[in-house]
Amino acid sequence: MIIDIDSLPEEGVSVSKDYEFFSTDLIEENTVFLDPLHADVTVRRAGEELLIKGRITTRLSLICSRCLSPFEFRVDSRFDHVYLPEELEVERDQLDPVDVGRLYYHNRTLDLKEIILEQLNLTYPARPLCAEDCKGICPICGQIIKEGNCSCASGDADPRLEKLKTLLRDK
C-alpha cells in the first residue's frame with residue numbers, strides 16, 4: 001500500500017490489513033506462513049515528518065538450527081518510527097551518531113508494505129531454536145536426539161581433549 005504524503009489527512013490514516021509475502025522476500029527463505037501476516041498501522045503527519053506506529057502478528061514455521069526440525073514461531077512485534085523527507089538526508093560521510101538511525105521517505109510517498117516486510121525480517125532470531133535446550137542431531141548416527149535415544153556411545157570424548165580433562169581433575 002503506497003501512501004501519498006501530500007494527500008494524507010490531518011488526523012492521519014489507520015490501516016488494518018492482512019499481507020501476503022513470498023518466502024523469497026524474507027531473510028529466512030525456508031519460512032512457511034501458518035497464518036497471514038496481520039498489520040495494524042497508523043500514519044500521521046507532523047510538519048514534514050511522518051510518525052508511524054504499528055503492530056504485526058503472524059505464525060510462522062521455521063527450521064531449528066540444531067535439529068533441523070520445523071517448529072512454530074509466533075510473531076507479535078510493535079514498531080514506532082519517524083520518517084523525514086529525502087531532501088533532509090545528509091551525505092554518508094557527514095553522519096553524526098544522531099543521524100544513523102534516521103529513516104527517510106522518497107518522492108513524497110511511503111510504501112507501507114515495504115516497512116511491514118522490514119519489520120517482519122527484524123523479528124527473526126539469529127539462530128532459530130525449537131527449544132532452548134534442543135540437543136540437536138547425534139553426530140554419529142544422525143538421529144534427532146529429542147525424538148529418542150540413539151544407540152551410539154555418547155560418552156566417548158575427543159582424545160585431543162584428554163589432557164584438558166586431567167587438568168580440570170587436578171584443580
Is at least one residue of the stretch 20-27 exposed (fewer than 15 other Cβ atoms within 10 Å of the Cβ), more than 14 Å from the chain's Cα centre (by Cα), of a type outside the set (S, T, N, Q) and closer than 30 Å to Ile137 by Cα? yes
Are any of the residues in the stretch 37-52 out of contact with any Gly (no Cβ under 9 Å at 6 or more places or on another chain) and under 30 Å from Pro139 (Cβ atoms)? no
Within the stretch 44-83, track down each residue that is of a type in the set (S, T, N, Q) and over 16 Å from the mean Cα position of the chain (by Cα). Ser69
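This table checks each residue for (1) at pLDDT 80 or above; (2) in the same structural domain as Glu20 (by TED's automatic domain parsing); (3) surrounded by fewer than 16 Cβ atoms within 10 Å (Cβ to Cβ); (4) touching a His at 6+ places or on another chain (Cβ under 8 Å).
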{"position": "Ile52", "(1), (2), (3), (4)": "yes, yes, no, yes"}
{"position": "Cys64", "(1), (2), (3), (4)": "yes, yes, no, no"}
{"position": "Leu68", "(1), (2), (3), (4)": "yes, yes, yes, no"}
{"position": "Phe71", "(1), (2), (3), (4)": "yes, yes, yes, no"}
{"position": "Tyr83", "(1), (2), (3), (4)": "yes, yes, no, no"}
{"position": "Leu95", "(1), (2), (3), (4)": "no, yes, yes, no"}
{"position": "Leu103", "(1), (2), (3), (4)": "no, yes, yes, yes"}
{"position": "His106", "(1), (2), (3), (4)": "no, yes, yes, no"}
{"position": "Asp111", "(1), (2), (3), (4)": "yes, yes, yes, no"}
For the stretch 132-139, check the following and say yes or no: at least one residue is loosely packed, with under 13 Cβ neighbours inside 10 Å, at pLDDT below 75 and more than 16 Å from the chain's Cα centre (by Cα). no
Somewhere in the stretch 42-49, is a residue hydroxyl-bearing (Ser, Thr, Tyr) and touching an Asp or Glu at 6+ places or on another chain (Cβ under 9 Å)? no
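The values are calculated or read from the model by the stated rules, or taken from the named source; none is laboratory data. Bear in mind that the values here come from a model prediction, so they are computed numbers and not experimental data. Every residue, glycine as well, gets a Cβ built from its backbone with ideal geometry; the counts of neighbours run over all protein chains shown.
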